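Readers should treat all values here as calculations from the given coordinates under stated rules, not as data from a laboratory. What you see is a predicted model, and the numbers here were worked out from it, not measured in a lab. All Cβ positions, glycine included, derive from the backbone under ideal geometry; neighbour counts span all protein chains shown.
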Amino acid sequence: MNSHAFVTSEKLALFYAQLEKNKKLPGPLMPTLHDAQHLFGHIPLEIQKIISKELNESIAKINGVVTFYGNFSVTPKGKHIISVCLGTACYVRGSQNIMEALQDELKIKQGETSKDGEITLCATRCIGACGLAPVFSIDEHIHGNSNVQKAKQTLKEMKEAIHETK
Ligand code: FES
């Protein structure tokens, strides 16, 4: 996906303003990365280069931090995140089938975002709800005791809700 769709000139201007404020902090890198993730939905290389120049940090260091922490991403994230748990308890109860069904329905692979920028599909490790296995979550909501049928139905309802709010 083209990252430029998410990096508009308005957002860039805002980002530069935040950068100036962050420069006054003792450790400006992490707040700046949080701002970038929040504003652009991800931290593409072009933004990493700006941060590198402005904060005088090596691009290798910035890239290392971005790829190390789960709350930063280098590829765009959708407005909604569906995470399918592929931890052991969920896996043995068929969460891989749920993942495959969602991939088919959304026509994307795990880790990717739907073309309209609405939904990102992720795999996650155990989220501590093994008693409800197999589980997947949509944003903050956990859907337990799931199966392919239920997951498809939930996705259908979710798409309808997205459509209605447009
Ligand atoms: S393995 Fe899925 S919640 Fe624990």
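Below are the figures for this structure:
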{"item": "Boolean, K107 is basic (K, R) and farther than 20 Å from V74 by Cα", "result": "yes"}
{"item": "Residues of the range 12-30 satisfying the condition of being surrounded by 15 or more Cβ atoms within 10 Å (Cβ to Cβ) and not in a loop (DSSP other than H, G, I, E, B)", "result": "L12, F15, Q18, L19, N22, L29"}
{"item": "Complete set of residues in the range 89-143 that are crowded, with 16+ Cβ neighbours inside 10 Å, within 16 Å of the ligand (Cβ to nearest atom) and charged (D, E, K, R)", "result": "R93"}
